[in-house]
Amino acid sequence: AHRDLHSFPTRRSSDLPQYQIALIAEAEIGSYVFFGSYEQDNDPSNGKENIEWLVLTKEGNRALVISKYALDCKQYHPSMSDITWETCSLREWLNGPFLNTFRVEERNSIIDTTVTADKNPSYNTSPGNDTTDKVFLLSITEVNKYFSSDEARKCAPTDYAKAQGVWTNSIYSTGDRAACWWLRAPGSLSDHAAVVHGSGSVNISGRAVFNVLGGVRPALWIDLGS
């Protein structure tokens, strides 16, 4: 069930990164953890809300997580041009302004990751080159690997993302609405990027990169220590 965002705890000084990471280290794959904070209830006067993440997998002393909610609404890139994950403005935003919302100790726990330039399985569009990023979007391959069904891929937007204009359609029995969210893989054309629909289905032909309605679900690897 969709949780009331107004019930999210705002960040307290006691939410120490090392404590958060200890909890993540104990968390099971498929469970939710808190790490970092971002405006979510669309009420800046009460501070940012703790970000809730879904643990997708664990490898050794690191964990791959993706935000439970669509945290924001951004274009993949502002202009209609040949674009790849490597050259898109959304990558720049995730590894700049968004990354900088984390405290220094939190940023130090986010691993520099080789993000592969995965091809689209059905179209011959260029995926560009591999990149090294702290924050990224899932590829088509990854979203199918880590989510077993359309239902699992459905993603509610935060109140803040709704206020930014994220496209939603009503699909939850609770009446809540699910967001369309970007993947990093190219779509059917060089100015399109793949998306997950509000229904949870993966649209590999994608949407135009300058589409202003796409939700953002950041993914990152967290160093859990030794």
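The values are calculated or read from the model by the stated rules, or taken from the named source; none is laboratory data. This is a predicted model, so every value here is computed, not measured. Note: ideal-geometry Cβ built from the backbone for every residue, glycine included; neighbour counts use all protein chains shown. What goes into the accessible areas is simple: the full protein's heavy atoms, side chains included, and nothing from ligands, DNA or RNA. Shrake-Rupley method; radii C 1.70, N 1.55, O 1.52, S 1.80 Å.
Under a crude label model (7 Å from the Cα following the beta-carbon direction), how far is ASP112 from ASP82 in nanometres?
The two pseudo-label positions are separated by 2.9 nm.
Whole number in Å², please: accessible area per residue of the chain, 1.4 Å probe, ligands, DNA and RNA not counted.
Working: 9740 Å² over 226 residues.
It amounts to 43 Å² per residue over the chain.
Can you match Rg and Dmax of the Cα atoms in Å to one of these, (1) 25.9, 79; (2) 16.6, 50; (3) 16.7, 53, based on a calculation from the structure here?
Checking each listed value against the structure points to (2).
Using the Karplus curve 6.51 cos²θ - 1.76 cosθ + 1.60 with θ = phi - 60°, what ³J(HN,Hα) values do you get for each residue of the range 185-195, in whole Hz, with x for Gly and Pro?
So the J values, rounded to whole Hz, are 6, x, x, 6, 10, 6, 10, 10, 10, 5, 9.
Which of LYS68/LYS145; LYS119/LYS162; LYS74/LYS154 have a Cα-Cα distance over 22 Å? Don't skip to the end; give the middle numbers.
Details: LYS68/LYS145 17 Å; LYS119/LYS162 31 Å; LYS74/LYS154 18 Å.
Over 22 Å Cα-Cα: LYS119/LYS162.
Can you tell me the order of 71-83, 182-194 when each peptide is scored by its average per-residue count of other Cβ atoms within 10 angstrom, highest first?
Most protected by this proxy first, the peptides run 182-194, 71-83.
Can you run phi through the Karplus equation (6.51, -1.76, 1.60; θ = phi - 60°) for the range 216-225 and list ³J(HN,Hα) in whole Hz, with x for Gly and Pro?
Whole-Hz 3J(HN,Hα) from phi for the range 216-225: 10, 10, x, 10, 7, 9, 10, 6, 8, x.
For a quick check: with amide H placed at 1.01 Å from N, whose amide H comes under 5 Å from LEU138's, ignoring anything fewer than 5 positions away on the same chain?
ARG184
For the range 177-220, list residues with backbone N below 16 Å from a point placed 7 Å from the Cα of GLU151 toward its Cβ?
199-201
Return the single residue from TRP93, TRP181, TRP167 with maximal mean-square fluctuation; model: Gaussian network over the chain, springs between Cα atoms under 10 Å.
TRP93
Pulled fully out, how much extra length does the chain show between ALA163 and ARG103, if you take 0.36 nm times their separation in residues and subtract their Cα-Cα distance?
Working: separation 60, 0.36 × 60 = 21.60 nm, distance 2.51 nm.
Extending this stretch completely gives an extra 19.1 nm.
Of all accessible surface on the chain at a 1.4 Å probe, what whole percent is carbon and sulfur?
Working: 4670 of 9740 Å².
The value for the chain is 48 percent carbon and sulfur by accessible area.
What value, in deg cm²/dmol to 500, does the helix sum -39500 (n - 2.57) over DSSP H runs of n ≥ 4 give at 222 nm once divided by the residues of the chain?
Rounded to the nearest 500, the figure is -4000 deg cm²/dmol.
Give a residue-ordered list of calculated ³J(HN,Hα) values for the range 158-168 (Karplus: 6.51 cos²θ - 1.76 cosθ + 1.60, θ = phi - 60°; whole Hz; x for Gly, Pro).
6, 4, 5, 4, 4, 5, 7, x, 4, 6, 9
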